[in-house]
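For reference, the structure is listed below as structure tokens.
The values are calculated or read from the model by the stated rules, or taken from the named source; none is laboratory data. This structure is a prediction, so every number in the text was calculated from the model and none was measured. Cβ atoms come from the backbone with ideal geometry, glycine included; neighbour counts cover every protein chain shown. All accessible areas refer to the heavy atoms of the entire protein, side chains included, with ligands and DNA or RNA removed. Shrake-Rupley method; radii C 1.70, N 1.55, O 1.52, S 1.80 Å.
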Amino acid sequence: MNSPMLLSIVVPIYSEEKVIPEFYRRTKNVLAELGNRFDHEILFIDDGSRDGSAVLLKELSGHDPQVKVVSFSRNFGHQFAITAGLDYARGDVLVIIDGDLQDPPEVIPEMLHKWEEGNKVVFGIREKRRGENPFKLITAKVFYRLIRILSDIRIPMDAGDFRLLDRRVVETLRTLREENRYLRGLVSWAGFAQVGIPYQRDRRYAGKTKFTLKKMIRFAFDGILSFSDKPLKISAYLGFLITLVSFVMALRVLIGKIRHPDMLVSGWTSLILAVLFIGGIQMISLGILGLYLGRQYREVKKRPLYVVAETTGFDDASGGEKPESVDP
Ligand code: UDP
Ligand code: MG
């Protein structure tokens with residue numbers, strides 16, 4: 001018989017002490033049902049939690065050798081926690097799942113099934129989203145559509161970070177160290193056979209969402225600006241268009257002046273409107289330029305993507321050292 005495959009479950013955690021025990025129970029049940037086809041490890045990334053999560057995770061790891069914990073030195077954000085998960089997981093196949101039980105672990109066997117059929121990426125498509133407020137639903141819808149219009153690569157609609165990744169995809173992703181991280185886009189960029197499966201996104205088991213409006217807007221900008229330079233092109237096109245229009249207007253004014261040389265000064269309103277309009281467009285264009293420049297500024301500094309304070313439960317010689325560094 002073939003030796004079993006190793007399945008890594010990667011779970012970003014930011015202050016989820018109320019959910020962790022239930023998450024662990026449900027996930028373990030699902031993994032037990034897989035029988036001896038898969039060995040598994042559950043890799044929690046503690047993203048600078050401010051509650052008892054860290055203690056709880058260490059306890060779990062003490063009881064269960066399959067639980068491993070990577071603790072960040074502070075809160076770096078969801079996308080960075082997942083990145084660390086990709087770096088530290090050893091599995092032949094990985095599943096990234098939120099720790100608040102919005103992504104039901106019961107979907108994992110179906111994902112594995114699709115993987116065994118030869119797919120390298122299996123992403124969950126949120127069919128129903130229970131317990132989200134209407135504002136979040138609308139902003140999410142608008143965002144997914146906007147990114148589809150603006151970005152150069154196809155990012156699947158309504159897919160989150162709940163997904164299965166084959167080792168080969170993980171290795172590809174690990175070579176992409178850009179700081180403006182939008183992993184769903186990077187996964188699409190990586191290519192390979194990808195397939196989606198619909199699932200019902202549950203309400204949060206306990207606690208509150210960690211995504212403030214500010215974080216959501218920043219995330220949306222990351223998504224759009226990292227995968228598209230269309231905003232830059234649009235501002236350039238707008239510039240051309242306005243120049244063209246102003247040329248036509250200039251002709252009109254000149255012809256008017258030639259025909260009626262002694263006409264009284266008029267047109268103050270249109271003058272002011274034109275000045276304001278062009279001023280606005282210029283500021284927007286500069287702003288867009290600035291957004292790209294700012295991102296570039298962050299990238300060139302080449303800071304590490306996250307800082308690990310401590311690892312727990314890694315028992316092999318590496319002691320949880322980042323497996324063969326992929327720093328560029
Ligand atoms: N999370 C994280 N770091 C953060 C914010 C969130 O690791 O800075 C984790 C969080 O604990 C949860 C997952 O990422 O397991 C999704 O976060 P959340 O449920 O707050 O986001 P939402 O589902 O509301 O979009
Ligand atoms: Mg959530």
>> Being within 16 Å of ligand 1 (Cβ to nearest atom) and crowded, with 18+ Cβ neighbours inside 10 Å is the filter here; which residues of segment 193-202 pass it?
In response: Tyr199, Arg201
>> What's the number of the only condition in (1) assigned to a loop (DSSP other than H, G, I, E, B); (2) among the basic types (Lys, Arg); (3) without any contact (Cβ under 8 Å) to a residue 40 or more places away in the chain that Lys28 fails to meet?
In response: (1)
> Taking Thr175 and the conditions (1) hydroxyl-bearing (Ser, Thr, Tyr); (2) touching a helix residue (DSSP H, G or I) at 6+ places or on another chain (Cβ under 8 Å); (3) away from ligand 1 (no atom under 14 Å from the Cβ), which numbered condition does it fall short on, given that it satisfies the others?
Replying inline: (2)
> All but one of (1) out of contact with any helix residue (DSSP H, G or I) (no Cβ under 9 Å at 6 or more places or on another chain); (2) within 16 Å of ligand 1 (Cβ to nearest atom); (3) in contact (Cβ under 8 Å) with a residue 60 or more places away in the chain; (4) not polar (S, T, N, Q) hold for Tyr205; which doesn't?
Replying inline: (1)
>> Glu110 - would you say it is open to solvent by 60 Å² or more (accessible area, probe 1.4 Å) and either among the hydroxyl-bearing types (Ser, Thr, Tyr) or in contact (Cβ under 8 Å) with a residue 24 or more places away in the chain (or both)?
In response: yes
>> So Gly124 passes all but one of these: (1) in contact with a Gly (Cβ under 7 Å, 6 or more places away or on another chain); (2) surrounded by fewer than 24 Cβ atoms within 10 Å (Cβ to Cβ). Which condition number does it fail?
In response: (2)
> Do we find a residue being assigned to a strand (DSSP E or B) and open to solvent by 50 Å² or more (accessible area, probe 1.4 Å) anywhere in segment 153-165?
Replying inline: no
> Yes or no: Asp39 charged (D, E, K, R) and surrounded by 16 or more Cβ atoms within 10 Å (Cβ to Cβ)?
Replying inline: yes
> If you go through segment 193-226, how many residues are small (Gly, Ala, Ser), farther than 23 Å from Ser53 by Cα and not in a helix (DSSP H, G or I)?
Replying inline: 2
> Restricting attention to segment 4-19, does a residue exist that is more than 30 Å from Arg218 (Cα to Cα), touching a residue at least 40 places away in the same chain (Cβ under 8 Å), part of a helix (DSSP H, G or I) and more than 25 Å from the chain's Cα centre (by Cα)?
Replying inline: no
> Residues in segment 288-298 that are closer than 26 Å to Gly239 by Cβ and open to solvent by less than 80 Å² (accessible area, probe 1.4 Å): how many?
Replying inline: 6
>> Anything in segment 169-192 that is more than 22 Å from Tyr306 (Cα to Cα), in a loop (DSSP other than H, G, I, E, B) and either among the basic types (Lys, Arg) or open to solvent by 50 Å² or more (accessible area, probe 1.4 Å) (or both)? List them, or say none.
In response: Phe192
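For (1) of a type outside the set (Asp, Glu); (2) modelled with pLDDT of 85 or more; (3) within 18 Å of the chain's Cα centre (by Cα), each residue gets a yes or a no:
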{"position": "Tyr199", "(1), (2), (3)": "yes, yes, no"}
{"position": "Asp202", "(1), (2), (3)": "no, no, no"}
{"position": "Lys210", "(1), (2), (3)": "yes, no, yes"}
{"position": "Ser226", "(1), (2), (3)": "yes, no, yes"}
> List pairs: first in segment 229-255 and over 19 Å from Gly279 (Cα atoms), second assigned to a helix (DSSP H, G or I) and open to solvent by less than 80 Å² (accessible area, probe 1.4 Å), Cβ under 7 Å, 6+ apart or cross-chain?
Replying inline: Lys230/Leu150
> Within segment 77-93, restricting attention to residues that are within 16 Å of ligand 1 (Cβ to nearest atom) and open to solvent by less than 10 Å² (accessible area, probe 1.4 Å), which residue is farthest from Arg303 (Cα to Cα)?
Replying inline: Ala89
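The rows are residues; the columns are (1) away from ligand 2 (no atom under 16 Å from the Cβ); (2) within 19 Å of the chain's Cα centre (by Cα); (3) among the polar types (S, T, N, Q).
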position: Glu106; (1), (2), (3): yes, no, no
position: Leu112; (1), (2), (3): yes, no, no
position: Asn119; (1), (2), (3): yes, no, yes
position: Arg126; (1), (2), (3): no, yes, no
position: Lys136; (1), (2), (3): no, yes, no
position: Thr139; (1), (2), (3): no, yes, yes
